[in-house]
1. Looking at segment 54-84, which of its residues are farther than 21 Å from LEU144 by Cα, surrounded by fewer than 18 Cβ atoms within 10 Å (Cβ to Cβ) and in contact (Cβ under 8 Å) with a residue 12 or more places away in the chain?
2. Considering only residues that are among the charged types (D, E, K, R) and assigned to a helix (DSSP H, G or I), look in segment 114-132 and name the one that is surrounded by the fewest Cβ atoms within 10 Å (Cβ to Cβ).
3. Being modelled with pLDDT under 95 and in a helix (DSSP H, G or I), is that true of even one residue in segment 47-70?
4. State which residue is nearest to ALA80 (Cα to Cα) when the search covers only segment 120-163 and only residues that are among the small types (Gly, Ala, Ser) and under 24 Å from the mean Cα position of the chain (by Cα).
5. Kindly indicate whether any position in segment 79-99 is farther than 18 Å from ARG12 by Cα, acidic (Asp, Glu) and in a loop (DSSP other than H, G, I, E, B).
6. Does LEU110 fit the bill of being modelled with pLDDT under 95, within 18 Å of the chain's Cα centre (by Cα), surrounded by fewer than 18 Cβ atoms within 10 Å (Cβ to Cβ) and not in a helix (DSSP H, G or I)?
7. Among the residues of segment 133-169, write down those that are surrounded by 13 or more Cβ atoms within 10 Å (Cβ to Cβ), of a type in the set (S, T, N, Q) and in a helix (DSSP H, G or I).
8. Looking at segment 95-117, I want the residues that are on the phi > 0 side of the Ramachandran plot and have a partner that is surrounded by 19 or more Cβ atoms within 10 Å (Cβ to Cβ) and among the aliphatic types (A, V, I, L, M) with Cβ atoms under 7 Å, at least 6 apart or on another chain. Which pairs are those?
Amino acid sequence: MSQVENSSRRLRIAVLNRLFKPTAGGAERYSIALVEQLAMRHEIHVFAQEIAHRHPDVNYHRIPTPLRRPRWVNQLWFSAATWWYTRRGFDVVHSHENTWHGQVQTVHVLPVWHNLFVGRSGVALALRWVKVVTSPRLLTYLALEIMRYRVRNGRLIVLPSESLCDVMMQTFPATSASLRVLTPGIPEVWGVTTDAQRRYARRSLGLPADGQCILFVGNDFRKKG
C-alpha cells in the first residue's frame, strides 16, 4: 500500500476520556473537538463514564462507574476496563487519561512526577518519597504515568501547548522524540470587530472604555492562577 493510500485509509479509532462532555473542562472540550474533526474521515468510538455529547458519526460506549471514590481507584478501574474493551479491533487507541495503553497519549496537565519531584532535593526530596511510598493514591498515579510515558515504537505523546511540551521534556527526557504539539483552535473567526462592538463589549464586561486588557477564559479559573 502506498503512503498516499495509507494516509487516506478509513481508520477505526478508540478515544478514551472519562468525562466526555463540554462542560467538564478544557481538556474534555479539546477531546470533543478532535473527535468531531476525526469523525469526518474515520470510524470513531468514544469510551467514557459520563457522556453528554451527540454526533451522528460517533459511536459511544459507556464504561460503568462502580466506585466514584476514591478517584485513584476509579482511574485504575477505567484504565483496566478500557484496555479490555479496546485490546483488539482498533487501528488506533487515543487516550486522554492516565492509562498504560494507547498508541496516542494526549497530555492536558502537568505530570504527577513533575509536581512531586522536579525542583526538589535533599530533605525536601526525601520527604516527598516518604509521602509517595505511604500513599496508595500517589503510587497508583505514578505507576500509571510511568507506564503511559514508556517509550514504545509507534507511540506518540500529544501536548496542547509548547510550555507543557517543555515540561514533559524536562520530566521525561526519553520521550522527546515522541512528543508532538497540537494546539487547540476555533472553527471560525467572525472577523475584525468594529469600534462599536468593542465599546459594547467593554461596557457589558464592566471594563474601562480605553486601555489594554487581558482576557482569560477557562473553567476552574481559581485553580489555574
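1. HIS55, ASP57, ASN59, TYR60, HIS61, ARG62
2. Result: LYS131.
3. Among the residues of segment 47-70, not one is modelled with pLDDT under 95 and in a helix (DSSP H, G or I), which makes the answer no.
4. So, considering only residues that are among the small types (Gly, Ala, Ser) and under 24 Å from the mean Cα position of the chain (by Cα), the one nearest to ALA80 (Cα to Cα) is ALA143.
5. Scanning segment 79-99, I find at least one residue that is farther than 18 Å from ARG12 by Cα, acidic (Asp, Glu) and in a loop (DSSP other than H, G, I, E, B), so the answer is yes.
6. Taking the combined requirement at face value, the residue satisfies it.
7. Once the filter is applied, which keeps residues that are surrounded by 13 or more Cβ atoms within 10 Å (Cβ to Cβ), of a type in the set (S, T, N, Q) and in a helix (DSSP H, G or I), segment 133-169 yields only THR140.
8. So the pair list comes out as GLY102/LEU16; GLY102/VAL93.
The values are calculated or read from the model by the stated rules, or taken from the named source; none is laboratory data. Remember, it's a predicted structure, so these values are computed and weren't measured experimentally. Counting neighbours? That spans all protein chains shown, and the Cβs are built from the backbone with ideal geometry, glycine included.
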